[in-house]
């Protein structure tokens with residue numbers, strides 16, 4: 001039996017002035033799947049996942065998220081879909097003036113999220129425990145290392161119990177050991193929260209650990225898809241070069 005499709009992107013196009021970024025992208029993400037997207041810097045990987053939640057408005061195409069064509073949604077319908085899609089920004093995007101507790105409380109208040117099984121404090125503690133940082137609950141972002149900020153940002157993403165998580169370069173700026181820990185954490189989160197994920201990365205160690213399959217993006221389209229092992233042993237040099 002085929003797994004449920006949670007994101008379907010068809011013929012997606014996006015240009016900025018004369019610069020064509022996405023040139024007919026097609027993508028399907030299934031329930032429980034971790035899909036990696038790799039490619040050179042500046043080719044539109046982040047534009048793609050920002051388009052999926054309409055942080056960027058594409059020029060043409062279809063984006064179906066959890067059964068809803070989000071390009072046809074009004075603002076209320078879009079916000080309902082966004083509650084089910086977590087987005088981990090490259091830099092974490094924590095609010096510097098807020099404590100860790102307040103950072104995690106913010107999305108609950110903004111979306112008026114309700115959980116019948118847990119009160120707000122329990123949700124915050126549960127999310128921090130999931131990323132191994134419950135003891136940082138009263139710290140300020142300035143007191144955290146780069147790896148801790150990534151974990152807290154992920155905890156904030158988990159607070160709304162999303163069905164899908166979009167990771168934008170989750171290991172950027174981290175040392176090799178911490179990058180490996182974050183990659184393993186992505187797998188732990190899938191197991192604990194039953195999420196599907198798209199992982200934008202240039203870190204092939206992260207891609208090897210955290211993804212089920214990988215799409216390589218070039219010049220606005222996907223040139224090939226396969227598992228890490230399949231692509232790393234490709235006979236085509238331009239594909240193998242990503243794995244060196």
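Cα-based values for the chain, radius of gyration first and Dmax second, are 17.8, 54 Å. Taking the average, over residues, of other Cβ atoms within 10 Å as the packing measure, peptides 185-193, 35-43 rank 35-43, 185-193 from highest down. Counting pairs of Cα atoms in segment 1-119, how many percent are more than 22 Å apart? In whole percent, the share of Cα-Cα pairs in segment 1-119 beyond 22 Å is 45. When only alpha carbons are used to place a centre, segment 154-223 and segment 65-89 end up 20 Å from one another.
Sorted from greatest to least, the principal axis extents spanned by the alpha carbons of segment 103-244 come out as 54, 30, 26 Å. Once both labels are positioned 7 Å from their Cα atoms along Cα-to-Cβ, the gap between residue 31 and residue 176 label points is 4.0 nm.
Both radii were evaluated on the Cα set of segment 1-62; the Rg over Rh quotient, with Rh as the Kirkwood radius, amounts to 1.00. Using the average count of surrounding beta-carbon atoms within 10 Å as a protection proxy, the listed peptides 196-209, 9-22, 139-152 rank, highest first, as 196-209, 139-152, 9-22. In percent, rounded to a whole number, the relative contact order of the chain is 26, using alpha-carbon pairs under 8 Å and six or more apart. Between segment 123-153 and segment 1-57, how far is it from one alpha carbon centroid to the other, in angstrom? Cα centres, segment 123-153 to segment 1-57: 29 Å.
Summarising the overall dimensions of segment 182-244 from its C-alpha atoms, the Rg and Dmax are 12.5, 38 angstrom. Based on C-alpha pairs under 8 angstrom that are at least 6 apart in sequence, segment 123-244 has a relative contact order of 18 percent.
Fully extending the segment from residue 111 to residue 191 would add 26.3 nm, taking 0.36 nm per residue of separation and subtracting the current Cα-Cα distance. Looking at the chain, the DSSP beta bridges with both ends there are about 55 percent antiparallel.
We did not get these values from a lab; they are worked out from the coordinates using the rules stated. Just so it is clear, the model here is predicted, and its values are computed rather than measured. Reconstructed Cβ throughout: ideal geometry from the backbone, glycine too, with neighbour counts over all protein chains shown.
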